[in-house]
């Protein structure tokens, strides 16, 4: 196997989201759906609270949270093998 150059390693893309990110995002979507259902049912207090919570708090947290564990450089090199 040929060794990778620094340029190839630099250009390699890794998806930054992990399982934790998707789980929090799913919870946010669930809160938003429940907010719209309660809005349809006529709630004028619960629905806006759930929608704001879903859109402005939970979804942004799912993007900000680091869902992947980063290995220290020594372990990272061993894992690539």
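Got a number for residues in the stretch 14-44 being assigned to a helix (DSSP H, G or I) and under 14 Å from the mean Cα position of the chain (by Cα)? Break it down stepwise before answering.
The initial filter retains those residues of the stretch 14-44 that are assigned to a helix (DSSP H, G or I), namely 19-41.
Those left that are additionally under 14 Å from the mean Cα position of the chain (by Cα): 19-29.
Count: 11.
Since residue 4 meets every condition but one in (1) in a helix (DSSP H, G or I); (2) more than 19 Å from the chain's Cα centre (by Cα); (3) at pLDDT below 95, which condition does it not meet?
Exception for residue 4: condition (1).
Restricting to the stretch 45-81, and then to whatever is loosely packed, with under 10 Cβ neighbours inside 10 Å and not in a helix (DSSP H, G or I), can you tell me which residue is modelled with the highest pLDDT?
Ranking the qualifying residues of the stretch 45-81, first place goes to 45.
Of all residues in the stretch 33-44, which are within 24 Å of residue 21 (Cβ to Cβ) and surrounded by 15 or more Cβ atoms within 10 Å (Cβ to Cβ)? Talk me through it step by step, then tell me what you get.
So in the stretch 33-44, the residues within 24 Å of residue 21 (Cβ to Cβ) come out as 33-36.
Within the stretch 33-44, 34, 35 qualify.
The values are calculated or read from the model by the stated rules, or taken from the named source; none is laboratory data. Computed from a prediction, not measured in an experiment: that's the story for all the values here. When we count neighbours, we look across all protein chains shown, and the Cβ atoms used for this are built from the backbone with ideal geometry, even at glycine.
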